[in-house]
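Derivation of every value follows stated rules applied to the coordinates shown; laboratory data play no part. As the structure is a prediction and not an experimental result, all values here were calculated from the model. Neighbour counts are summed over all protein chains in view; Cβ atoms, including those assigned to glycine, are modelled from backbone coordinates with ideal geometry.
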Amino acid sequence: MPATRHLEQNSQGKPAVSGVNERIYNFCAGPSMLPEEVLRQAQEEIWNCRNSGVGIMELSHRGKLFDDILHETEETARKVGSIPANYKVLFLTGGATSQNFQVPANVLPEHGVAAFLTTGYWAERTWDEIGTYTDRAYEAFNGKKEGYKHCPSDAEIVYKDKPVYVHMCTNNTLYGTQWRNADGSIRLPKVPDGSFLVADMCSDIFSRPVDWTKFGIVYAGAQKNVGIAGISIVVIREDLLKPIRKLPNMLRYDVMARDESRHNTPPVFPIYMCNLVFNWILKQGGTSVLLKRNLEKAQLVYDVLDQSKFYKPHARTDSRSLMNLTFHTPNHKLDNLFVDEALAAGMDQIKGHRNTGGMRASMYNAFPREGAVALAQFMREFEKKHG
Ligand SMILES: Cc1ncc(COP(=O)(O)O)c(C=O)c1O
């Protein structure tokens with residue numbers, strides 16, 4: 001990390017501790033750290049995009065330059081994810097939260113059945129909204145009673161009526177659980193024959209290889225692993241594009257696919273940022289290399305948790321997220337002290353979500369290994385001092 005200038009304030013607007021570098025380890029759950037070279041290039045192209053004399057944020061969304069950027073972004077997304085040709089890649093606005101209504105609006109008939117695997121806060125929010133479209137949805141699993149500590153085995157999932165689709169959230173950002181195997185690869189739930197999976201991949205898209213053919217629709221806000229807020233990536237199987245009911249154009253996947261995600265003025269800058277991050281991922285060696293790195297980074301911290309009698313991890317071992325690592329100290333007072341001392345040591349935004357308390361260290365694709373090393377070391381020292 002470059003040490004070019006001292007900070008005046010931290011992300012909470014409080015005076016910064018002196019001696020902390022210009023860029024610090026940002027453990028925010030999203031928006032989150034971007035690769036340094038991406039930020040540097042964006043800095044230049046905000047001023048002058050591809051030597052056109054026009055900044056990226058001043059560029060016409062119908063001009064040749066943006067045409068190129070948009071097409072490259074889709075191409076690189078396909079390359080990064082190895083997304084098959086019969087899936088469309090859309091860049092939409094409204095955040096991942098808008099998919100809570102856009103998915104059922106397009107694919108779920110009136111009174112149609114949909115099943116939900118409620119594994120955390122965001123999955124809960126998706127489930128909460130389905131009532132607008134149907135009265136026949138149900139939860140095939142709900143982990144709330146046990147504090148959303150794990151992602152269920154097939155034996156824990158109970159399907160009743162056959163659903164059109166099953167909704168899952170592959171990584172539960174708040175609780176720090178992830179559908180995964182021991183090697184970090186994605187673990188999928190059983191799905192009734194003829195139903196398809198819809199996945200909220202907001203907090204782990206493109207952090208590991210994925211077999212897209214297992215899904216009908218995948219969606220994710222870009223602001224954690226692939227870019228900045230203001231854009232959602234939707235990967236959708238072509239046969240699901242045409243809506244099953246009359247819908248306004250802005251809600252229709254087929255219209256967005258036909259118009260290359262620019263039925264209206266698209267989020268030009270967020271699309272541009274995704275392109276830079278996708279290219280960065282390719283340069284790193286792709287999602288298998290990122291998975292290996294993400295496993296190593298997470299393991300550095302999970303090792304501390306496993307060797308400690310002081311820290312209490314939230315997630316069950318078999319569902320531990322590689323993206324968001326959640327834990328507590330023995331009490332609230334120490335939790336708060338941990339957050340304050342971590343900030344003073346150059347580690348920001350490590351406070352857990354208000355629903356869970358404690359700490360949450362989010363370490364997405366661009367989060368550097370040295371940051372994980374620094375956190376692990378800080379945790380050991382904090383335990384020694386206060387344990
Ligand atoms: C798993 C998950 N789903 C959905 C969302 C909501 O995304 P957005 O704010 O883009 O609507 C988030 C945001 O943090 C998330 O982590």
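Extension gain, K145 to R62: 0.36 nm times the residue separation minus the Cα-Cα distance gives 24.8 nm.
Summed over qualifying helices (DSSP H, 4 residues or more, each -39500 (n - 2.57)) and divided by its residue number, the chain shows a 222 nm mean residue ellipticity of -10000 deg cm²/dmol. Within the stretch 1-141, the proportion of Cα pairs with more than 20 Å between them is 70 percent.
DSSP assigns beta bridges within the chain; of those with both partners inside it, close to 55 percent run antiparallel.
The gain in end-to-end length when the H353 to N336 segment is fully stretched comes to 4.9 nm, 0.36 nm per residue minus the alpha carbon separation. Restricting attention to the stretch 70-282, lysine pairs at least eight places apart or on different chains and with alpha-carbon atoms under 15 angstrom apart total 6. Site pair E22 and K292 shows an inter-label distance of 3.2 nm when each label is modelled 7 Å from Cα along Cα→Cβ.
Here the chain is assigned +1 on the Cβ of each Lys and Arg and -1 on the Cβ of each Asp and Glu. Its dipole about the Cα centre then comes out at about 460 debye.
The ranking of H71, H263, H314 by Cβ neighbour count inside 10 Å, starting from the fewest, reads H71, H263, H314.
Helices meeting the span-like rule in the chain (full DSSP H runs, Cα extent of at least 15 Å along the helix axis, mean Kyte-Doolittle score of 0.0 or higher): 268-284, 287-306, 332-344. Sorting Y175, Y272 from the fewest to the most surrounding beta carbons within 10 angstrom yields Y272, Y175. Projecting the Cα positions of N279, T265, V373 onto the charge dipole of the chain (unit charges on Cβ atoms of Lys, Arg, Asp and Glu, taken about the Cα centre) puts V373 furthest along the positive direction. Determine the relative contact order of the stretch 70-282: mean sequence separation of Cα pairs under 8 Å and six or more apart, normalised by residue count, in whole percent. Relative contact order, the stretch 70-282: 28 percent. Centre-to-centre separation between the Cα atoms of the stretch 15-91 and those of the stretch 305-371: 28 Å. In a simple Cβ point-charge model (Lys, Arg +1; Asp, Glu -1; nothing else charged), the stretch 70-282 has a dipole of about 20 debye relative to its Cα centre.
Which lysines, on any chain, are close to K384 with Cα under 17 Å apart, when same-chain ones fewer than 8 places away are left out? Within the straight-line limit of under 17 Å, K384 reaches these lysines: K309, K312, K333. Over all Cα atoms in the stretch 70-282, the spread is summed up by Rg and Dmax: 16.3, 46 Å. Each label point was placed 7 Å from the Cα along the Cα-to-Cβ direction; for H386 and A182 their separation is 3.4 nm. Spacing of the modelled spin labels on E238 and K312, each 7 Å from Cα toward Cβ, amounts to 5.3 nm.
Ordering C151, C49 by the number of other Cβ atoms within 10 Å of each residue's own Cβ, fewest first, gives C49, C151.
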